[in-house]
Every structure is written in C-alpha cells, then in structure tokens.
1. Quote to one decimal, in nm, the extra length available between residue 18 and residue 327 on full extension: 0.36 nm per residue of separation minus the C-alpha distance between them.
2. Kindly state, to the nearest 0.05, the FRET efficiency for residue 128 paired with residue 237, given R0 = 30 Å and r defined as their beta-carbon distance.
3. Going 7 Å from the Cα of residue 435 in the Cα-to-Cβ direction, what parts of segment 396-416 have a backbone nitrogen less than 17 Å from that spot?
4. Using only Cα atoms and rounding to the nearest 10 degrees, what angle (0 to 90) does helix 6-32 make with the longest principal axis of the chain?
5. Relative contact order (percent) for the chain, with alpha-carbon contacts under 8 angstrom and 6 or more residues of separation?
6. Any chance you could give the angle, 0 to 90 degrees and rounded to 10, that helix 195-212 forms with the longest Cα principal axis of the chain?
7. Can you put 485, 521, 459 in order of Cβ neighbours within 10 angstrom, beginning with the fewest?
8. Whole angstrom only: what separates the Cα centroid of segment 12-34 from the Cα centroid of segment 304-368?
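Laboratory data are not the source of any read-out in this text; all were calculated from the coordinates shown. All figures in this text were calculated on a predicted structure; none of them were measured in a lab. All Cβ positions, glycine included, derive from the backbone under ideal geometry; neighbour counts span all protein chains shown.
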C-alpha cells in the first residue's frame with residue numbers, strides 16, 4: 001500500500017485519544033461515584049442492611065435520570081462533534097441551547113410527578129416494610145434535585161465534545177468532594193438520617209454545574225447559550241437527541257433490568273437480596289466507569305471523522321479504543337475475580353446469607369463486563385456514525401433475552417439468576433454485532449484504506465512535505481495541486497523556519513460526496529499560519545448574523561480532536577476522477593506537473609495526529 005503510512009497515523013490517533021479517555025474517565029469516577037459513597041457511608045453508620053437496601057432500590061430512578069441526560073447530553077455532544085468536523089459553529093450553539101432547555105423542562109416535570117406520586121413509586125421500586133421509611137427519605141431528596149444531577153451527567157459529554165474535558169473533570173471532582181464532605185459530616189458527626197446522603201448528592205451536583213458555567217464565558221466555544229429559534233437547515237429536536245438514543249435505551253434497559261433484579265432477589269432473599277442487588281449495582285457502576293472511558297470516547301472521535309467523511313479514520317478510532325479498553329479492564333477484573341473479599345469488605349456486611357452469596361456474584365459480574373465492553377463499544381460506534389437503528393436492535397436483543405432469562409432461572413438459581421441472565425444476554429448481543437451488522441468488526445484486526453488515497457506522517461519538515469507533494473502529484477488535478485501548494489505548503493514551510501517541527505500527518509481522501517480536500521493535522525498549541533479563516537468559533541457570527549460554511553478551494557484552520565487542523569475542501573470539478581484508490585495506486589504513468597495539465601482526480605487531504 002504505497003503512500004499509506006498507517007503506523008504513523010495510528011500513533012497520532014492513539015495519542016489524541018488519551019484526552020478523550022483519561023480526563024473524562026476521571027471525571028466520571030467522581031460524577032458517578034455518588035451511589036457508592038452513599039452506600040458505604042450508610043452501611044458503616046449502623047443503620048443496617050435496611051438502609052443499604054433502600055439506596056439499592058433507588059437505583060432504577062437514577063437510570064431514569066440518565067436516560068434524559070443521555071438524550072440531551074450525548075445527542076447534543078455528537079451533533080456538536082459533527083458540526084466541528086464540518087465547521088458550522090452557529091448550528092452547534094443553537095443545538096446546545098435547545099438541548100439544555102429540553103433537559104431542564106424534563107427534569108422539573110419528573111421531579112413534580114415523582115414527589116406527588118411518591119407512594120406508588122416506592123411500591124414500583126420494590127420497597128419493603130423494613131426499608132420503606134429509609135427509601136422515602138432518600139428518594140424524595142434525589143427527586144427534588146434531579147435537574148442538577150442530570151446536568152452534571154450530560155455536561156461531561158457536552159464539554160468533552162467541545163474540547164473542554166478538563167473543566168468537566170474539575171466540575172466532577174468538585175461535586176464529588178462536596179458530596180463526600182456532606183455525607184461524612186451528616187452521617188458520622190451530626191448523626192442525621194439517610195436523607196443527608198441524598199442531599200450530599202444533590203448539593204455536589206449543584207456545585208459541579210456552577211463549575212461548568214465557566215465554559216460559557218468564552219465566546220469561541222461551540223457551546224454557547226443563544227436564541228433557541230430554529231433556522232433553516234438546523235437540526236430539529238428529534239435529530240439532536242437521536243444520537244443519544246442508543247445510550248438512552250441502554251439506561252432504559254438497566255432500569256427495567258434492575259427493577260426485575262430487585263423483584264427476584266426480594267422474593268428469594270428478602271432484605272438480604274436487596275442488599276446483594278445494591279452491592280452488585282455498585283460493582284457494575286465501578287467497572288462501567290472504566291468501560292465508559294473508552295466507549296464514550298468513540299462519540300466525539302468517530303463523529304468528527306464521520307463529519308469529515310473519513311472512513312479510514314473512523315476505523316482507526318475503533319481499533320485504538322478497543323485495544324485501550326482491554327488493557328484498562330484486565331487488572332481490575334482480575335483483582336475482583338481473585339480477591340472478591342477485598343471489595344465486599346468495604347461494606348462491613350455481617351448478614352450470613354449475603355456473605356455466602358456475594359463472592360460468586362462478584363466474580364460472575366466482573367467476567368461479564370469484558371463482553372459488555374466490546375458490545376458497548378460497537379453499539380456506540382453505530383450511534384456515532386448514524387446507524388442508530390442497528391444499535392437499537394442490538395439493545396432490543398439484550399432486553400428480549402435477559403428479562404425472560406432472569407425469570408426462567410429464578411427457580412434454579414434464585415440468588416444468582418440476574419448475573420447468569422446478564423452473561424447470556426450479552427453473549428447473544430455480541431453474536432448479533434459480529435455476524436449480522438455488515439462487517440462491524442472491520443478495522444479491529446488490521447488497517448484498511450477505505451476512501452484514503454494517500455497518507456504520510458512524521459515530523460513536519462520540508463522533506464516530509466516534499467515527499468507528500470510527490471505522492472499528491474499522482475492524485476490531485478493540476479489546479480488542486482497549485483491551490484494546495486500556494487495556500488498550505490508554501491506558507492507552512494515559511495512559518496516553520498526556526499520553529500521546532502511538530503508531529504503531523506498528511507492524507508488524501510476521496511469523500512463520499514465526490515469532493516476532494518486536503519487536511520493537515522499537527523500537534524501544537526496555536527496555529528502555525530496566522531490569518532487563515534477559522535471554522536471553530538473564533539469569530540462571533542451571531543453579531544453578523546451570517547452562517548459559517550466551509551469555503552471551497554480555501555485553506556481554513558480549526559481545532560480537531562485536540563489537534564490543529566488545516567484543510568482545503570476543493571469545489572466540484574467537471575473532470576474529477578472516479579477511480580478507486582486501488583486503481584490510483586497501480587497507475588504507472590509518470591506524474592504530470594501543474595503546467596502539463598494533469599487529469600483531475602478527487603481527493604481529500606487528512607492529517608491525523
């Protein structure tokens with residue numbers, strides 16, 4: 001595969017992925033750890049298994065919050081990434097504003113309905129006479145502050161997609177620390193009831209949201225509060241929330257699954273069973289945070305490449321995140337399987353039935369998470385690349401298998417039926433994704449060129465630029481080659497004089513729409529060439545009222561997945577070549593110069609870092 005330096009591209013994509021894996025993962029640890037903190041404080045306070053089980057039965061309610069947050073947060077985040085790839089910042093701002101309004105209204109309605117109908121709600125959540133009062137206190141407080149809890153969750157996705165994941169992490173850490181302080185002081189110093197741990201969760205989310213507000217101060221961000229009035233060609237609300245539908249369905253399924261799980265364990269083991277459910281829910285949450293570090297990263301990364309119509313880059317993202325996920329999960333899953341008592345010990349359980357049944361459940365749930373990881377990654381990839389129907393079908397298969405299996409296994413293994421059912425259902429989903437989704441596993445094992453026509457990477461030097469120009473002469477038309485040299489390489493080499501050469505990657509793509517473009521990605525804090533038109537929100541288009549579009553045959557500058565990007569999107573040409581990359585690769589005729597009138601061939605330059 002001449003002209004294709006896949007290893008160089010892979011290093012750049014992998015390095016870029018770190019900012020989308022680790023900072024959000026750290027943020028999610030603090031953002032989602034509240035139920036674990038609440039459970040540990042309550043179980044060590046002397047309130048007993050009744051209070052612990054009360055927190056466990058509130059789990060389905062938390063997943064309901066996540067459903068709304070996923071629709072508005074993940075959906076809006078994916079739309080923002082797509083507009084980042086296409087360079088349309090005004091549409092991104094309006095989509096963000098409308099998603100924010102939808103989330104707040106939904107939260108207020110949910111809080112009012114939940115508090116008014118608190119008693120039937122608790123019955124639905126499987127409350128027992130022993131834990132009813134504990135559950136009512138805790139659930140009422142959580143319902144009252146659900147808007148801030150949802151904003152906390154959704155903000156992680158939105159800020160990461162707008163290249164401000166560090167602020168998301170800062171907000172999550174702030175909220176978690178406040179929650180821990182309130183929980184500890186309320187339970188152990190002031191000996192307050194279970195309501196105080198719910199209050200800690202709410203106040204922590206409020207503080208987190210105040211930190212998020214700092215993001216709105218900068219006018220160059222895609223996420224800004226503007227007039228929500230929809231303009232022509234703006235995505236409607238269904239289109240904005242659509243990318244989050246798969247993740248929302250996951251949380252809907254978790255809600256039903258957890259309700260069924262609590263129902264089966266309550267009937268089989270009583271309060272002890274509900275205590276088991278709370279402990280297993282927390283374990284799943286811990287491992288889900290690690291899984292989410294990689295699977296959630298696919299939304300901004302694959303969506304951005306999808307917006308560029310860069311199929312090779314999309315496959316590279318999938319390959320990178322799959323490998324990273326298995327490496328991160330190997331150690332914790334091995335630890336939980338070998339030493340489950342270390343995890344169980346933090347709850348100071350003295351119930352004999354729980355001590356007998358929990359260790360095996362910990363091992364089974366931990367091993368199942370390996371399959372959950374690959375299933376979630378592939379489902380999220382489908383959502384990020386506008387294949388939501390396939391993603392939803394995969395989740396439907398999981399739902400159709402797991403719920404009946406829980407009931408079927410209830411009489412055979414009542415204490416472990418939910419965990420066996422989860423393993424069977426996840427395996428069924430994996431079979432569907434691998435064999436019935438049109439080559440979804442493509443790219444996991446080897447590199448693919450797809451619509452990639454040329455790719456070279458390394459240090460951004462005159463030698464690399466000349467090497468790439470030589471490859472481009474065989475692909476670009478004479479006019480495209482002249483534009484490329486005049487607007488990109490010549491000013492770039494002049495700007496690099498005396499500067500340290502950054503890592504970069506050049507590439508040429510044949511876009512799905514038949515157009516060509518040149519893109520250079522490089523690692524730097526600021527643009528190397530000053531004065532280029534910018535497409536990432538550097539200008540305030542709201543003041544002028546003009547929509548921003550990528551101009552043809554013009555070199556523009558933007559930020560792309562934490563890198564700097566220079567791109568020339570060529571206008572349509574009458575004689576653009578329709579040959580596929582393999583035909584171009586096998587061409588043996590000598591390259592013509594610009595003066596010789598080379599035959600026009602469509603292409604897109606993509607530089608991956």
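1. Values: separation 309, 0.36 × 309 = 111.24 nm, distance 1.33 nm.
Residue separation times 0.36 nm, minus the Cα-Cα distance, leaves 109.9 nm.
2. On the way: r = 40 Å, r/R0 = 1.34.
Between residue 128 and residue 237 the formula returns 0.15.
3. Counting backbone N atoms under 17 Å from the label point, the list is 397-398, 401.
4. So the helix axis and the longest Cα principal axis differ by about 30 degrees.
5. With pairs under 8 Å counted, the relative contact order is 19 percent.
6. 10 degrees
7. 459, 485, 521
8. 15 Å
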